[in-house]
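What follows is a single structure, written as C-alpha cells, with notes after it.
Just so you know, all these numbers are worked out from the coordinates, no wet-lab data involved. This one's a predicted model, so the numbers in the text were calculated from it and none came from an experiment. FYI the Cβ positions are ideal-geometry reconstructions off the backbone, even for glycines, and counts take in every protein chain you see.
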Amino acid sequence: MRSLTELDKKHFIHPTSSIQEQQHKGAKVIMKEGDGIYLTDVTGKTYIDGVSSLWNVNVGHGRVELAEAAAQQMKKMAFSSAFSTFSHEPAIRLAEKIASITPEGLNAVFFTSGGSESNDSAVKLVRHYWKIQGKPNKRKIISLKRSYHGVAAASTSVTGIPEFWGMAGHMMTDFLHVDTHYNNTTEQAVQSLCQAIEEAGPETIAAFFAEPVQGAGGVIIPPEDYFLRIREVCNAYGILFVADEVITGFGRTGKMFGIENWDVIPDVMTFAKGVTSGYFPLGGVVVSDPIHEVLKEKSVGTLFHGFTYSGHPTAAAVALKNIAIIKEERLVENSKRMGDALLHGLKKVKNRLEIVGDVRFVGLLGAVELMQNPATNKPFSSNLQVAPKVIEALHELGVICRSVTYDHTNIICLAPPLIINQKQVDKLVEVIYEAILKVQQQLGIKAE
C-alpha cells in the first residue's frame with residue numbers, strides 16, 4: 001500500500017483533484033476490485049458505489065460479459081480506423097442500435113471517446129451545419145449557468161460553472177450562459193434565454209445546449225414545462241436544441257434517455273458514460289434526419305473533424321453488449337422503481353433530521369440538499385463545508401458519494417448502478433441518515 005501511495009504521488013497527476021492535497025495526504029483511496037454496486041480497496045474495505053464512480057457504471061462492476069465482449073473483438077480485430085470512409089461492422093451495428101433507441105428522428109451518429117469530446121464535436125458540427133448553408137455568423141452557443149458539458153476547449157466554454165473557466169486562463173469567445181431553472185420559475189428561466197437571444201441577435205445563435213438534468217451542477221431537475229418551453233423558443237428563433245445526455249442516457253433517469261421524461265425531441269443529442277458503463281471509453285453525437293440531410297447535400301469534401309478512436313471497434317462491441325444487458329435485465333425499469341424507493345426512503349430521512357432540505361430524484365439520479373433552515377431555504381455558511389463533511393462521514397461508513405458546493409449550496413449527489421435492489425437501497429438510506437445525523441450533531445443542531 002505504501003509503495004503504491006508513493007508511486008501515485010510521484011507519477012500520477014489526477015484529474016479534477018487537488019495536486020497539493022495528493023502530495024500532502026496521498027491518494028484518498030486505492031481501489032482494487034468491483035462487484036455489482038460495490039468497490040473494494042487495497043486494504044479490503046468495501047464501499048457502496050453511490051455515484052456509479054462518475055455517473056457511468058450503469059450495469060454495475062465486474063460484468064464478465066463485457067470483458068468477454070472486449071476480448072472476443074480484440075482477438076478478431078482490436079482496432080481499425082474509421083477515417084477516409086473506412087468502416088467496420090461493430091461501429092455500423094452500434095450506430096444502427098443507437099438510432100433504434102434514441103427519440104424519433106435521431107438516426108445518424110458521430111462517435112467520440114467520451115463526453116467532453118462529444119460536446120466539443122457537437123459545437124463544431126452545429127457551426128458547420130449553419131456555415132454550409134451560408135450562415136457563418138450563426139455560431140454562438142447558449143447554455144445554462146451551473147451546467148457541465150466537459151473540459152475540452154469548447155466544452156469547457158459551454159460549461160456554466162465558472163470554476164472550470166479559469167484553470168487555463170480564459171474561455172473561448174461566442175459562448176453565452178443564461179439563468180437555469182434552479183431557484184427560478186420556468187418563466188424566469190425562459191425569459192433569461194429569450195433576452196440573451198434578442199441581445200445577441202438570433203441570426204448569430206447556432207444552438208442551445210442543456211442537460212436534461214444538470215448533474216455536476218447539483219442534480220437540478222427541471223419543472224415539468226421547462227423543456228417544452230425551451231423547444232418552443234428554439235423553434236421560434238431558428239436555433240438548434242442540443243440535449244447533453246452524457247450523464248442522463250442509457251437508463252439513468254428511468255427512461256432510456258433523460259429528455260424522454262419531458263416528451264421533447266432535440267435536434268442533436270450527445271452521449272457517453274452509460275453507453276459502455278465505463279468499461280471502455282466511448283461517446284458520440286446523434287443528429288436529426290434534417291441535419292443529416294443538409295450534411296449529406298452540402299458538406300463538400302473531407303469533414304476535417306475526427307478522433308483516432310472514433311468508432312473504435314472494441315469500444316463498439318462493448319457498447320453493444322452493454323445495451324443488450326440494459327434491455328435484457330430491464331434496468332431502465334429498475335432505475336425507475338429503485339429511484340422511487342430511494343426518494344421514498346430519503347424523504348423519511350428528511351423528516352427525521354433538521355438540516356435536510358429538498359430531496360429530489362428522477363430514476364436513479366438524485367440529490368439531498370442540506371440547509372441551515374430548510375423551511376426558509378437558508379443556506380449554511382460556506383466555511384462550514386457541510387456537504388463535504390457528510391461526504392467524509394459517508395466514506396468512513398462505506399459509501400462513496402460526491403458533493404456540490406457551487407454558489408453556497410450543500411448538495412449530496414446520488415447515482416448508484418442501475419442494478420441496485422431494494423435491500424441495497426434500504427442500506428444506502430440507512431447510512432445516509434447516519435452520516436447526516438453525525439454532521440448535524442457536530443454542528444450542534446439537535447433533532448426536535
Report the paramagnetic label zone for A78: residues of segment 293-331 whose backbone N is under 13 Å from a point 7 Å from Cα along the Cα-to-Cβ axis. 313-315
Quick one: net charge of S382's neighbours, Cβ under 14 Å, K/R +1, D/E -1? 0
Here P(r) for segment 160-227, Cα-Cα distances in 10 Å bins, as whole percents, is 17, 45, 34, 4
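Within the chain, what percent of beta bridges assigned by DSSP are antiparallel, to the nearest 5?
That works out to approximately 65 percent antiparallel.
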Take the alpha-carbon centre of segment 398-448, take the same for segment 324-386, and report the distance between them in whole Å. 8
Once normalised by the length of segment 64-328, the mean sequence separation of its alpha carbon contacts under 8 Å that are 6 or more apart gives a contact order in percent of 29
Whole-Å distance, taken between Cα centres, linking segment 1-57 and segment 81-129: 32
Could you state the number of Å between the C-alpha centres of segment 216-233 and segment 144-202? 14
Work out which helices of the chain, taken as complete DSSP H runs, extend at least 15 Å along their axis over the Cα atoms and score a mean Kyte-Doolittle of 0.5 or more, then list them. 313-328
For the chain, what is the calculated [θ] at 222 nm in deg cm²/dmol (nearest 500), taking -39500 (n - 2.57) for each run of four or more DSSP H residues and dividing by its residue count? -12500 deg cm²/dmol
Between K427 and E203, the FRET efficiency computed from the C-beta separation at R0 = 51 Å comes out, to the nearest 0.05, as 0.40
Does segment 35-189 classify as rounded, prolate or oblate by the C-alpha gyration tensor (a ≥ b ≥ c root eigenvalues; a/c under 1.5 gives rounded; else a/b over b/c gives prolate, otherwise oblate)? oblate
Cut-off 11 Å between beta-carbons: net charge of the residues surrounding L443, Lys and Arg +1, Asp and Glu -1: +2
Taking Rh as the Kirkwood radius computed over C-alpha pairs, what is the Stokes-Einstein D of the chain at 20 °C in a medium of viscosity 1.002 mPa s, expressed in µm² per second? 94
So how do 184-192, 334-342 stack up, highest first, on mean other-Cβ count within 10 Å? 334-342, 184-192
Using Cα-Cα distances under 8 Å and only pairs 6 or more residues apart, what relative contact order does segment 347-439 have, in percent? 27
GNM of the chain, Cα pairs under 10 angstrom: of S147, S381, S113, the biggest fluctuation goes to S381
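Counting other Cβ atoms within 10 Å of each Cβ, which chymotrypsin sites (Phe, Trp or Tyr not before Pro) in segment 230-308 have at most 16 and sit in a DSSP loop?
Numbers: sites: Y237, F241, F250, F257, W262, F271, Y279, F304, F307; in loops: F250, F257, Y279, F304, F307.
For chymotrypsin sites (Phe, Trp or Tyr not before Pro) across segment 230-308 that sit outside H, G, I, E and B with at most 16 neighbouring Cβ atoms in 10 Å, the list reads F304.
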Segment 64-328, Rg to Rh (Cα coordinates; Rh as Kirkwood inverse mean 1/r): 0.96
Bin all alpha-carbon pair distances of segment 288-376 at 10 Å intervals from 0 and give each bin's fraction as a whole percent. 14, 21, 20, 20, 17, 7, 1
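Give, in nm to one decimal, the length gained when the segment between L443 and T405 is fully stretched (0.36 nm per residue of separation minus the Cα-Cα distance).
11.9 nm
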